[in-house]
Amino acid sequence: MRALVLTGPGRLAWQEVPDPAVEPHGALVRPLAVARCDLDAPMAALGIFPGPFPVGHEVVAEVVEVGADVALRPGARVSVPFQVSCGACGPCRSGRTAACSTYRAPAGAAYGFGPRGGGHGGAVADLLAVPHADHALVPAPPEPSDVALATLPDNAVDAWRTVGPQLRERPGADVLVLAGAVPSIGLYAVALARALGARRVRYVDDDAGRCTAAAGLGAEVTRREGPWPRRYDRAEVVVDGTADPAGLACAVRSAEDEGLLTVVGIVFGEVSLPLLEMYTRGITVHLSRADSRRHLPEVLALAASGAFDPLAVPTTVVSFEDAADAWLEPATKLVLRR
């Protein structure tokens, strides 16, 4: 079969690769649309993980073949969580599918990350093998479209976990999104916060286009120029998508007393935090990979209901055939449609 392979920093090409095998508990799916995660472009451009390996991990697909132990039938349209998990270990049973103890890898078991993700193949391909299919694959609703559904398994789920549980705990809370390093996640967070009833949503970014998009989604927008300030007016719920130590410190100080801060921008290296201030003001800071399988059904339901439209975030759609050229091109959200 064919797969889009990252052959080296900034280099992608279609290659013939071995057809994947079907395990008794697994399934083969045919990708219908694949979205580029916010990490995919820098990962490919900079060679963060050594290639060669097939790319892509945000996907909606059609089941084409199943193992002997699988109840799901061929022909089903499914949303594929980007992380590989078994559904049976202790972490999976408690909903912590990102910490599955059966599938371990240096960067977490996932599709499209090569050996660092466990070598599970990539979604920009003719076929993708999914282990533990009855657990992993989530039936897709009739609506929305393949393009919209492809955006959900990683970046929209990541955005949901920054505001969904928080607004359930604190209905109507103010939300502040500090963006920049994760182009689509910050905008999905705005859209989801509005859909979930936040009283006020503010968005800070240095990119004019994303600021315009955030305003269109209903946020009060501040276009940042220069370094991150000490803090902004405080909010009960804060999202840090800066991937910048100074931005993270600003996010901490911008959280209201007993505020909830979720970090979605990856900061490499050592970081100094105002720990005494966090302690005395009771700031909760959470950073981790999102539990894709755990949260995906709720995000799917929001999209199916029309309360959340992922395509309200600027989305560039190209054909699978143009994937090699498009994968590194600028786009807030890129989706490959078969």
Percentage relative contact order, the chain, counting C-alpha pairs under 8 Å, at least six apart: 18
Lys, Arg +1 and Asp, Glu -1 on Cβ, resulting dipole of the stretch 131-216 about Cα centre, debye, nearest 20: 480
Built amide H within the under 5 Å cut-off of W14, gap 5+: V5
Charged-residue dipole, Cβ positions (Lys, Arg, Asp, Glu), the chain about Cα centre, Debye nearest 20: 520
The chain: angle of helix 292-305 to the longest principal axis, Cα-based, in degrees nearest 10: 80
Summed residue charge, Cβ within 15 Å of A304's Cβ, Lys/Arg positive, Asp/Glu negative: -3
Inter-site label distance for A301 and E220 at 7 Å from Cα along Cβ, in nm: 3.1
The chain: most fluctuating residue of E258, E270, E65 per GNM, C-alpha cutoff 10 Å: E270
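Give me V285, V84 sorted ascending by neighbouring Cβ count inside 10 Å, so fewest comes first. All intermediate terms of the calculation are to be shown ahead of the outcome.
On the way: V285 17, V84 28.
Sorted ascending by nearby Cβ count, the order is V285, V84.
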Other-chain or far-sequence residues with amide H under 5 Å of G259's (modelled H): T284
Neighbour-count ranking [beta-carbon atoms within 10 angstrom, fewest first] of Y188, Y203: Y203, Y188
Cα long-axis angle, helix 157-169 against the chain (0 to 90 degrees, to the nearest 10): 50
Dipole magnitude of the stretch 155-287 about its Cα centre (Cβ charges: Lys, Arg +1; Asp, Glu -1), debye to nearest 20: 300
Residues whose placed amide H lies under 5 Å from that of K333, excluding near-sequence neighbours: T316
Prolate/oblate/rounded label for the stretch 87-154 (Cα gyration tensor, a/c 1.5): oblate
The stretch 162-297, Rg to Rh (Cα coordinates; Rh as Kirkwood inverse mean 1/r): 0.93
Helix 183-195 axis, angle to the chain major axis (alpha carbon atoms, nearest 10°): 70
Virtual paramagnetic centre 7 Å along Cα→Cβ of R2, amide N under 15 Å, in the stretch 324-338: 324-327, 336-338
Cα Rg, Dmax, the chain, angstrom units: 19.4, 59
Burial ordering of V147, V252, fewest other beta-carbon atoms within 10 Å first: V147, V252
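Each reported figure results from applying straightforward, stated rules to the coordinates on display, with no laboratory input. Computed from a predicted structure; not experimentally measured. With ideal geometry, Cβ positions are generated from the backbone for all residues, glycine too; neighbour counts draw on all protein chains shown.
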